[in-house]
Amino acid sequence: MYLWRKIAGPPWLSAHKSILEACSRRGLAIISRPKRKQLQLEIACTSRSDSRKLVKEFGGCTEKLPRDWLKRFTDGQKRKPLKIGKRLVVVRAGSDGFPAPKTFGAGKPSVLVIPASAAFGTGDHATTAMSLRLLEQLTRAWKNGWSAADLGTGTGVLAFAAKRFGAQSVVGIDIDPTAISTAKANARLNRIDGVNFHLADVRKCNPAHATDVIAANLFSDLLIEILPNFKRSGWLILSGIVRPQEGQLIAALGRTKLNVVRVKRRGKWITILARGSVGL
Ligand SMILES: C[S@@+](CC[C@H](N)C(=O)[O-])C[C@H]1O[C@@H](n2cnc3c(N)ncnc32)[C@H](O)[C@@H]1O
């Protein structure tokens, strides 16, 4: 495998993008870095002559990749396990096999294995990590047996965390069939029973009634639209909100008579813990 590389500015790219995409069979990678105008362009070629043709026609350079380039790349992608308080560790499965999922044992944290997949939610993203931490802190002193709903469940990570923190009934909802099948596969992988995953639009279903905690890692406009459904809910963990929309979200919570208890911020993201009129 050979890698063609070129550093170019946006005007050069727009003049050559369609031809590069055509000759790479849509395999052109465009890498932009924060605070840099120049872009790095890359095309993987199966032969030396193809990569040399690119250099001849468009400039740049080519390099031969080591035989084990894929393994080196995936090893580089391995991330540290994500610790959530003292009760949970989320492990993104690596290329060398999955660590065995475990439940609580003698004061040790429970391990959840969430392989990277087409669905969102390995815990890498700030919105998921902040939601997991709020869920852990909120439920730390709760007696087992409470109920939870995970709206926009993705891989199911928040639903599984709720189960591991002591929830009895848990519902996970997503509009994307791939997310629902991934979440079900992750339930089997982690040997977690009793999470009901439903393929549905959160606008059209209302699991809020008598639910102790609802986690919704969605986006601001959708959260504002569905907030009236949560009037009679217990606790809410709302995530996927960008900082400029914090004011709008907090105003919408006020209109719905939901009280803001805590706001967590990380980078451009915020996560809100709010409280409805019922529940624990
Ligand atoms: C940001 S991801 C969150 C995934 C996971 N809960 C987490 O915290 O990592 C948002 C998820 O919401 C789902 N979603 C978006 N709009 C939806 C809707 N109207 N109804 C149900 N699910 C929706 C997406 O398919 C996606 O899986």
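We did not get these values from a lab; they are worked out from the coordinates using the rules stated. The model shown is predicted, which means the values in this text are computed figures rather than measured ones. When we count neighbours, we look across all protein chains shown, and the Cβ atoms used for this are built from the backbone with ideal geometry, even at glycine.
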- Pairwise FRET efficiency - Ser181 versus Asn144, Cβ, R0 = 22 Å, nearest 0.05: 0.15
- Label point distance in nm, Glu57-Lys231, each placed 7 Å from Cα along Cα→Cβ: 6.3
- Item | Qualifying trypsin sites (Lys or Arg not before Pro) for the range 168-219 [loop in DSSP, other Cβ within 10 Å: at most 14] | Arg191, Arg203, Lys204
- Would you work out the charge dipole size for the range 2-65 about its Cα centre, treating the Cβ of every Lys and Arg as +1 and the Cβ of every Asp and Glu as -1, and quote it to the nearest 20 debye? 180
- Query: Can you give the alpha-carbon Rg of the chain over 2.2 N^0.38 Å, where N counts its residues?
  - Reply: 1.21
- Query: Once phi is turned into θ = phi - 60°, what whole-Hz ³J(HN,Hα) does the Karplus curve with 6.51, -1.76 and 1.60 give for every residue of the range 109-115, x standing for Gly and Pro?
  - Reply: x, 7, 10, 10, 9, 10, x
- Item | Residue-by-residue Karplus 3J(HN,Hα) for the range 212-223, coefficients 6.51, -1.76, 1.60, Hz, glycine and proline x | 6, 9, 10, 9, 9, 9, 10, 8, 3, 4, 5, 4
- Message: For the range 1-22 and the range 24-38, what is the centre-to-centre distance using only Cα atoms, to the nearest Å?
- Response: 8
- Note on the structure: Calc'd 3J(HN,Hα), the range 160-168, phi into Karplus 6.51 cos²θ - 1.76 cosθ + 1.60 (θ = phi - 60°), Hz, glycine/Pro = x, comes to 5, 4, 4, 4, 5, 7, x, 5, 9
- Computed over the range 2-65, Kirkwood Rh from alpha-carbon pairs, angstrom: 11.8
- Under 5 Å between amide H atoms, partner at least 5 residues away or on a different chain: which partners does Val195 have, H built in plane at 1.01 Å? none
- Rounded Å value of the spacing that divides the Cα centres of the range 220-280 and the range 142-205: 20
- Provide the net charge surrounding Arg26, with neighbours chosen by a C-beta distance below 14 Å and charges set as Lys +1, Arg +1, Asp -1, Glu -1. 0
- Estimated dipole of the chain in Debye, rounded to 20 [Cβ of Lys and Arg +1, of Asp and Glu -1, Cα centre]: 940
- Using the reciprocal of the averaged 1/r over all distinct C-alpha pairs, how large is the Kirkwood radius of the range 149-276 in Å? 14.7
- Query: Helix 48-58 versus the longest principal axis of the chain: what is the Cα-based angle in degrees, 0 to 90, to the nearest 10?
  - Reply: 90
